[in-house]
Amino acid sequence: MTGARYGALGVLNDERTALGEFITVGLEADEEARIGPSPTGRGVLGLLVADPRPLRLAALGAHEESYGFPSGHPPMTSFLGVPIRVRDEVYGNLYLTDKMGWSEFTRDDEALVSALAIAAGIAIENARLHQRAREVAVYDERERLARDLHDTVIQRFFGMGLRLQGLAGVVREPDVARRMASMVSEIDESITDLRSIIYALGLAGGERDIRAKIISLLRD
């Protein structure tokens, strides 16, 4: 949209103090390999981290905050940086360099990329909301499965244990009584495992995954 030769999305770390991710466009894989580690937000890139406002420069390397380029980095001159906000939170920054055919990015470019940053912020917020909705759905599913287990499998196991415990008290053969008592203990352990397995699984999978793991536990 702007004629930029290179672009990048810098995502802030959790502390909002530096760049945690840096995704580039326009660089070949071998160029990125020659450049080395991704920038963390020093120099001009860090200006938008410290002060998230649009920034246009005609000569990136001439700015007093310029940190310089590492060996193997392609030359870059004109620069445009715009912050991306998700609601009132700064998520990261869009960085564009080298407007082809022009000496620098224009005010129209700045307005255009600022509008793109707003749209990106809305898209990121929507993605977060969808993720939260999925997590809530999985949590509700887990709770329902826990209730189902309690009302069916666990109650049946509990009833079996009580019956075995009652029979063990009237059986005259000591070996048989000991075996029945051991079975009661195993049933109690299985009940404990079944009660905890849903919570141990956390948000690891959907209903099919959870049921498969429960069946595996029962078989074991």
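At-a-glance table
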read-out	value
Extension gain, M1 back to M160 (0.36 nm per residue minus Cα-Cα distance, nm)	50.2 nm
Percent accessible area from carbon and sulfur atoms, the chain, protein chains only, probe 1.4 Å	54
Backbone N under 13 Å from the S114 label point (7 Å along Cα→Cβ), restricted to the range 47-74	53-56
Length gained when the stretch H73-D188 is fully extended (0.36 nm per residue, less Cα-Cα span)	34.9 nm
Distribution of pairwise C-alpha distances over the range 1-44, 10 Å bins, in %	25, 49, 26, 1
GNM result for the chain, Cα springs below 10 Å: residue of G92, G26, G121 fluctuating most strongly	G26
Charge dipole (the chain, unit charges on Cβ, about Cα centre) - positive-most of G166, T97, N126	G166
Tilt relative to the chain, helix 107-149 - C-alpha long axis, 0 to 90 degrees, to 10	0
Among V11, G46, A29 - extreme Cα towards positive end, dipole of the range 3-46, charges at beta-carbon	G46
Choice from I122, I191, I84 showing the highest fluctuation, given a GNM over the chain with Cα pairs closer than 10 Å	I191
Two-site label geometry, V176 and E32: point separation in nm, points 7 Å out along Cα→Cβ	7.2
Solvent-accessible area per residue for the chain (1.4 angstrom probe, square angstrom)	64
Whether the range 34-105 is rounded, prolate or oblate, judged on the alpha carbon gyration tensor where a/c under 1.5 counts as rounded	oblate
log10 of Debye I(q)/I(0), alpha-carbon scatterers only, for the chain at 0.10, 0.12, 0.18 Å⁻¹	-0.64, -0.75, -1.19
Gaussian network model of the chain, springs between alpha carbon atoms under 10 Å - residue of A18, A33, A119 with greatest fluctuation	A33
Rough spin-label spacing in nm, given labels placed 7 Å along Cα→Cβ, for R134 and S196	2.9
Dipole magnitude of the chain about its Cα centre (Cβ charges: Lys, Arg +1; Asp, Glu -1), debye to nearest 20	780
Dipole moment magnitude, nearest 20 debye, the range 92-183 about Cα centre, only Lys, Arg, Asp, Glu C-beta charged	980
Largest-first ellipsoid semi-axes for the range 1-120, taking √(5λ) over the Cα gyration tensor eigenvalues, angstrom	20, 18, 13
Helical mean residue ellipticity (222 nm; -39500 (n - 2.57) per DSSP H run of 4+; nearest 500) of the chain	-17500 deg cm²/dmol
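The values are calculated or read from the model by the stated rules, or taken from the named source; none is laboratory data. All values reported here derive from a predicted model rather than from experimental measurement. Positions of Cβ are backbone-derived with ideal geometry, glycine not excepted, and every protein chain shown enters the neighbour counts. Heads up: the accessible areas ignore ligands, DNA and RNA and are worked out on the full protein's heavy atoms, side chains in. Shrake-Rupley method; radii C 1.70, N 1.55, O 1.52, S 1.80 Å.
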